[in-house]
Amino acid sequence: MAAVSVDSPEESERLRKLAGYSFLILCDDQDELIRRWDLVHAHGGEGGKDIARPAEFILDSTGKVRWVKLTDDFLIRARPEEVLQVIDSLHLSSPPSD
Amino acid sequence: MKRSWNPALWVGFALVLIGTLSYPYFFIRFPVTRDFPWANLLLLAIALALIAAGLRRAFQRPEAYVGKISGSILAVLGVFVTGFFLFVVFYMARQLPASSGSPKVGAAAPEFTIPDSLGHPVALSALLDSSFRTNDWPSDAFGRDKTDGLVLIFYRGYW
């Protein structure tokens, strides 16, 4: 898995070390990815900064989107158990041939 | 006659603060108390009831209890803090923009290349490639031979 936020690499690396996260953290500090994927929460951050709206995607190995969760309440996100269950049900190791 | 202290007011106000702060610092960690903050709403209801009881005592029996002025101030503050909590949880948290243009199920995820937390550029196609490795990550993170896919999670950040 990979996490994305608009924080700088320095801030994200500090968090990663502090929290001991082993997953990849991607740093969209130019807002490039969240703009292209239409995930900008304009002025949602401190000081009116644009940030990402929470969103979760599951892609298969061909890069096709297989599952999306776009919450409408930032306190309610996809839970780890939910994501694991979806991954199991998608049988990602054998993507459809269509 | 010496009037007695009116503890319900102060206990109630302390409980307003506990009922509010325990959400971001404690109850948010558990899905059952995060998705709907019933534990905090319960604490806040008890807190406001205590303040109301203290105020009533202060105004109905002013000869026996103190707290007309301090109680009024605490009541206003308590209601304000509770209102702020309700505003953040039930209004502000739900002000997320819709996302009509994000990649849909069945569509190909648009390629991107952005830096990881060490500043190395990472492309989506590289993440999906079975040979993808990051030297600086613990081996268990990307140590598998085969990539079945990717969970990509967008966060609000400020970490």
Selection from segment B:99-131 of residues that are in a loop (DSSP other than H, G, I, E, B), within 17 Å of A:Val65 (Cα to Cα), among the hydrophobic types (A, V, I, L, M, F, W, C) and open to solvent by 60 Å² or more (accessible area, probe 1.4 Å):
B:Val105
Is segment A:87-97 home to any residue that is within 7 Å of chain B (Cβ to nearest Cβ), open to solvent by 70 Å² or more (accessible area, probe 1.4 Å), among the small types (Gly, Ala, Ser) and not in a helix (DSSP H, G or I)?
yes
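Looking at B:Leu17, B:Leu55, which one is touching a residue at least 24 places away in the same chain (Cβ under 8 Å), open to solvent by 50 Å² or more (accessible area, probe 1.4 Å) and in a helix (DSSP H, G or I)?
On inspection, the qualifying residue turns out to be B:Leu17.
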Checked segment A:48-62 for anything more than 20 Å from A:Glu32 (Cβ to Cβ) and not in a strand (DSSP E or B); matches are A:Ser61, A:Thr62
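Output yes when any residue across segment A:69-83 is of a type in the set (Lys, Arg), free of Cβ contacts under 8 Å to residues at least 60 places away in the same chain and in a strand (DSSP E or B), and no when none is.
We begin by selecting, within segment A:69-83, every residue of a type in the set (Lys, Arg); these are A:69, A:77, A:79.
Now drop any that are not free of Cβ contacts under 8 Å to residues at least 60 places away in the same chain, which leaves A:69, A:77, A:79.
Pick out the ones that are also in a strand (DSSP E or B) and you get A:69.
Scanning segment A:69-83, I find at least one residue that is of a type in the set (Lys, Arg), free of Cβ contacts under 8 Å to residues at least 60 places away in the same chain and in a strand (DSSP E or B), so the answer is yes.
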Residue by residue through segment A:69-79, note down the ones that are under 18 Å from A:Leu39 (Cα atoms) and open to solvent by 40 Å² or more (accessible area, probe 1.4 Å).
A:Lys69, A:Leu70, A:Asp72, A:Ile76, A:Arg77
Restricting to segment B:80-109, name every residue that is facing chain A (nearest Cβ under 7 Å) and either charged (D, E, K, R) or in contact with a helix residue (DSSP H, G or I) (Cβ under 6 Å, 6 or more places away or on another chain) (or both).
B:Arg94, B:Lys104
A:Glu82 modelled with pLDDT under 90 and open to solvent by 50 Å² or more (accessible area, probe 1.4 Å)
no
Some residue of segment B:138-155 being modelled with pLDDT of 95 or more, more than 7 Å from chain A (Cβ to nearest Cβ), within 31 Å of the chain's Cα centre (by Cα) and open to solvent by less than 30 Å² (accessible area, probe 1.4 Å):
no
Can we say A:Arg16 is among the charged types (D, E, K, R), under 16 Å from B:Ser102 (Cβ atoms), buried (at least 20 other Cβ atoms within 10 Å of the Cβ) and within 7 Å of another protein chain (Cβ to nearest Cβ)?
no
Picked from segment B:37-49 (must be within 14 Å of another protein chain (Cβ to nearest Cβ) and surrounded by 14 or more Cβ atoms within 10 Å (Cβ to Cβ)), the residue nearest to A:Phe74 (Cα to Cα) is B:Pro37
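The values are calculated or read from the model by the stated rules, or taken from the named source; none is laboratory data. Everything numeric here is computed off the predicted structure, so don't read it as measured data. Cβ sites come from the backbone with ideal geometry, for glycine too, and all protein chains shown count toward neighbours. Note: areas computed on protein heavy atoms with side chains; ligands, DNA, RNA excluded. Shrake-Rupley method; radii C 1.70, N 1.55, O 1.52, S 1.80 Å.
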